[in-house]
Amino acid sequence: MILRLAASCDVAMLPHAVRALRKAYPELQITVATRSRFESFFRGLGVDIMPINMGDEPLTLRQKWQFVRRTKRIGVDAVADLHFIANSVLLGLLWRLCGVKVSRIRKGNIEKWFRVGYSREGALHLKHTAVRYCDVFRRLGFEIEDPEYPERREVDSAESCVGFAPFAAHSCCTCPEKLREEIMERLTARFDKVYVFGGGERVQNFVEQMQKRYPNVERASQTASIAEDIEVAKRLKVMVTVDTLAMHIAALVATPVVSIWGATHPEFGAMGYGCDMDGIVQVDMDCRPCSATGDVACAKGTPICMQDITVETVEAKIDALLASNHSELFDK
């Protein structure tokens, strides 16, 4: 059994590791314990899903014991704890008491901490999260290779479509208003359809505002459904996104990604797995990254690292990715 509850970006990187495990052990029975809304990530991988919708409150000891007994009833004999919080640590102790082998992820928090506020061009990237997941499987005794990158399928559509995800969970990772409007202006002029990815009221307000200016703007999913987002991502020529879930959804279906980075940094191992390094847009600053996940307020009061990014730089990255995919549709 694989335990990984949140956050959505971390869960979205798990299918790459599951795919590597399934390739090496095609007969292995795999159960993924995660939130029910993440089930779409694992379609086609031949795994069972055990929905767990935990709230913010810690589980009681009785609830933990009931969960462990439930896993024993379905025959779980090894657990890969990819969540590694207080709840899962206590669950691990109970599993071990029942004779179940448990291995936990090593998130590399110390090496990441040493790099906070210190970035430089050409720095060696830390181990990718998807590879860290595979390391947990290896410590359980499985002999597997690192995940292969997903293969890109040719887009079978008369329309040229692009994805745009300007909003992130944290403000220091969100595309500034001026920049996102400039990017939208360029995308709507260049592509037949622009799909805006993301959930919440601010995304809906942004879409409605842009639809008043441009007739070819549409929200990728009206209900913020992951399954719908994945299907739309398959049809895109390229995805333009900040450090958010849309980047990992595009990576799952091998859609080229132009990723815009501010408070966080791609060298921390949370870039879309298999995404082209030529698609990275960022400004090197002495204070970057603010943190590993972008949840720390900007020390300068405003995310200058985001404000210094220009629409011309973003468009140049789009050109480079389209050219590398031998697309003739958007040749100027």
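Only the coordinates and a few stated rules stand behind these numbers; no lab work does. A quick note: this is a predicted structure, and the numbers were derived from the prediction, not measured. Methodologically, a virtual Cβ is constructed for each residue, glycine included, from the backbone with ideal geometry; neighbour enumeration extends over all protein chains shown.
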Which residue, A86, A168, A220, has the most motion in a Gaussian network model of the chain that connects Cα atoms within less than 10 Å?
A86
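Sort K64, K178, K72 so the one with the fewest other Cβ atoms within 10 Å of its own Cβ comes first. Before the final figure, lay out each step's value.
Numbers: K64 18, K178 10, K72 15.
Result, fewest neighbours first: K178, K72, K64.
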List the lysines whose alpha-carbon lies under 18 Å from that of K212, not counting same-chain residues fewer than 8 positions away?
K178, K193
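Under the Kirkwood approximation for Rh and a Cα-based Rg, what ratio Rg/Rh is obtained for the stretch 1-100? Could the numbers behind the result be given before it?
On the way: Rg = 13.2 Å, Rh = 14.0 Å.
Ratio of gyration radius to Kirkwood radius: 0.94.
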Amide proton proximity set for V257, modelled H, under 5 Å, gap of 5+:
M239, D276
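Ratio of Rg to Rh for the stretch 161-324, alpha carbon only, Kirkwood?
On the way: Rg = 14.5 Å, Rh = 15.6 Å.
Ratio of gyration radius to Kirkwood radius for the stretch 161-324: 0.93.
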Ordering of 235-247, 99-111, 11-23 by packing [mean C-beta count within 10 Å, highest first]:
235-247, 11-23, 99-111
Efficiency of FRET between D77 and I52 - r from beta-carbon atoms, R0 30 angstrom, step 0.05:
0.95
Rg in Å to one decimal, and Dmax rounded to a whole Å, for the chain via C-alpha atoms
20.5, 65
With axes computed from alpha carbons, what is the tilt in degrees of helix 201-211 against the longest principal axis of the chain, rounded to the nearest 10 within 0 to 90?
30
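Across the stretch 2-139, how many lysine pairs, 8 or more apart or on two chains, come within less than 15 Å at their alpha-carbon atoms? Write out the running numbers ahead of the final one.
Numbers: K64/K72; K72/K101; K107/K127; K112/K127.
Taking the stretch 2-139 as the scope, the lysine pair count is 4.
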Which of T310, T129, T60 comes first, and how do the rest follow, when ranked by fewest Cβ neighbours within 10 Å?
T60, T310, T129
Nearest 10 degrees, 0 to 90: helix 177-190 Cα axis against the chain principal axis
70
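Using a Förster distance of 41 Å, how high is the FRET efficiency between K107 and E154, based on the Cβ-Cβ distance and rounded to 0.05?
Values: r = 37 Å, r/R0 = 0.90.
For R0 = 41 Å, the calculated efficiency reads 0.65.
Of the peptides 194-207, 289-302, 259-272, how do they stack up when ordered by the mean number of other Cβ atoms within 10 Å, highest first?
259-272, 194-207, 289-302
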In whole angstrom, the spacing between the Cα centers of the stretch 10-78 and the stretch 282-308 equals 35
